[in-house]
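The values are calculated or read from the model by the stated rules, or taken from the named source; none is laboratory data. Everything quoted here is computed from the prediction, not taken from an experiment. Methodologically, a virtual Cβ is constructed for each residue, glycine included, from the backbone with ideal geometry; neighbour enumeration extends over all protein chains shown. Ligands, DNA and RNA are stripped out before the accessible areas are found, and what is left, the full protein with its side chains, is counted by its heavy atoms. Shrake-Rupley method; radii C 1.70, N 1.55, O 1.52, S 1.80 Å.
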Amino acid sequence: MNEPVRPARPHQRLTEDGRRMREVLSYSRRGSRFTPSQAAAWEAYADRMVIPDEAVDDPSFRLSDWFGREAPLVVEIGPGVGEATGVLAAARPDHDVLAIEVWRPGVAAALAEVATAGATNVRFCSVDAAWMLEHVVEPDRLAALWTFFPDPWPKKKHHKRRLVDAGFARLAASRLRPGGEWRLATDWPDYAEQMHEVLDAEPLLEGGEVERWSERPVTKFERKGLAVGRSITDLSYRRVVPS
């Protein structure tokens, strides 16, 4: 009997008459042109560390095949240029880190950061993060989930595009193993309030606002937020452990 085919990935869905279907996504794909240093990093490391988008279309796709082992899994959504990714992954050599980033120049820059940190346990993929969690990551699989400074979509009419909403919280909680941790950070106060609201309402999670995570490096993005007077909110939630 044939394996079931997964639903089409975002940006791959078409209407019955062949037109591309409009979807509400938590990101926009920016330019794809590499700088010389990014091109060099891509050439040096992409074959080993980047999972091609089309690879996940295969129903037999398994993340462990791309890491070459079975290990506790961490997913980072939106690592940007990887300033935190390399440092955090290098400190966890016994874990596999899947970094999901749709901005290809950012992935290229992150490859260099990860290599400089000496982390060999990171793989990148540019497929929609919610789709990956739903269709590729098994329930109760994640040791940790990192969501640092997701796009705040500051205009009220765009708030529906924010990643952290009730539906995504439900999905993410189901993918964390009992006791697994979801760490988040944002420099937008109203997004922090939204995160609080939806994560507090998710019955599989418990936690709240915490002190800044000392292990997370201060990135250029975070410094820019601080420079214009925005405060940083860190949150930590864990999957409830059944009693």
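Please list 176-188, 207-219 highest first by mean number of surrounding beta-carbon atoms within 10 Å per residue.
Details: 176-188: 20.5, 207-219: 13.4.
With the highest mean Cβ count within 10 Å placed first, the list reads 176-188, 207-219.
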Just to confirm my numbers, what's the Cα centroid distance between the stretch 216-243 and the stretch 85-122 in Å? 18 Å
Let me know the shape class of the stretch 101-168, please: from the alpha-carbon gyration tensor, a ≥ b ≥ c as square roots of the eigenvalues, rounded when a/c is under 1.5, otherwise prolate if a/b is greater than b/c, or oblate. oblate
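So what is the accessible area of the chain per residue, in Å², with the probe set to 1.4 Å? Working shown, then result.
Working: 12600 Å² over 243 residues.
Per-residue value: 52 Å².
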Label-to-label distance, nm, for residues given as Glu54 and Glu134 (7 Å Cα→Cβ offset): 2.4 nm
Global size of the stretch 108-229 as Cα Rg and Dmax, reported in angstrom: 15.3, 42
Per the 1.4 Å probe, what fraction of the accessible area of the chain, in percent, lies on carbon and sulfur atoms? 51 percent
Provide Rg over Rh for the chain; use the alpha carbon set for both Rg and the Kirkwood Rh (inverse mean inverse pair distance). 0.95
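Run lengths n ≥ 4 of DSSP H only: what is the helix-derived mean residue ellipticity at 222 nm for the chain, with -39500 (n - 2.57) per run over all residues, to the nearest 500? Let's see the in-between values first.
Values: 8 runs with 79 residues, N = 243.
Taken over the chain, the calculation gives -9500 deg cm²/dmol.
Where both partners of a DSSP beta bridge lie in the stretch 99-243, what percent of those bridges are antiparallel, to the nearest 5? Display every interim value, and only then the final one.
Numbers: 12 of 20 bridges.
About 60 percent, rounded to the nearest 5.
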Bin width 10 Å, origin at 0, all Cα-Cα pairs of the stretch 29-69: what percent of pairs per bin? 23, 42, 28, 6
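Quickly rank 135-148, 78-91, 56-69, 189-202 as a protection proxy: mean count of other C-beta atoms within 10 Å, highest first. Could the numbers behind the result be given before it?
On the way: 135-148: 18.9, 78-91: 22.8, 56-69: 13.3, 189-202: 17.1.
Output ranking for 135-148, 78-91, 56-69, 189-202: 78-91, 135-148, 189-202, 56-69.
Which values, in whole Å and largest first, are the semi-axes of the equivalent ellipsoid of the stretch 171-243 obtained as the square root of 5 times each eigenvalue of the Cα gyration tensor? Please report the intermediate quantities before stating the final value.
Numbers: eigenvalues 130, 35, 15 Å².
Equivalent-ellipsoid dimensions as semi-axes: 26, 13, 9 Å.
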